[in-house]
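Here the structure is laid out as structure tokens; the discussion comes afterwards.
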Amino acid sequence: MTIKPAIVKRLLQICSSRNMPANDLAVRSGMTASTVYSLLDSNRKDMSVITLKKLCDGLEMSLVEFFDSDIFHKLEQEIR
């Protein structure tokens, strides 16, 4: 798995554990629902660190807490 799908998987995991729909995450993060749904789309290839930080702020967690997951331990090489 590469970083973008791993980030999406982690976001969905956290939202699911908190029973938080994407709409609620959007409101809490100061984004539109369409932006959050777009970010969660597996076809979209990138996500900025600033955007991820806003999502983490909406989840009331730090970037360190967000990345403290086994999902990120064995990522594929991004350079091809």
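The values are calculated or read from the model by the stated rules, or taken from the named source; none is laboratory data. These numbers come from a predicted model, not from an experiment. Glycine also receives a Cβ, built like all others from the backbone with ideal geometry; neighbour counts cover every protein chain displayed.
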Pick from the stretch 26-35, criterion closer than 13 Å to residue 57 by Cβ and of a type in the set (A, V, I, L, M, F, W, C), ranking: nearest to the chain's Cα centre (by Cα): 26
Filter result (within 21 Å of residue 2 (Cβ to Cβ), in contact with a Lys or Arg (Cβ under 8 Å, 6 or more places away or on another chain) and outside any helix (DSSP H, G or I)) within the stretch 43-80: 44, 45, 46, 47, 69
Test for residue 1: is it assigned to a loop (DSSP other than H, G, I, E, B), in contact with an Asp or Glu (Cβ under 8 Å, 6 or more places away or on another chain) and modelled with pLDDT under 95: yes
Residue within the stretch 17-30 that is modelled with pLDDT of 95 or more, buried (at least 16 other Cβ atoms within 10 Å of the Cβ) and polar (S, T, N, Q) present: yes
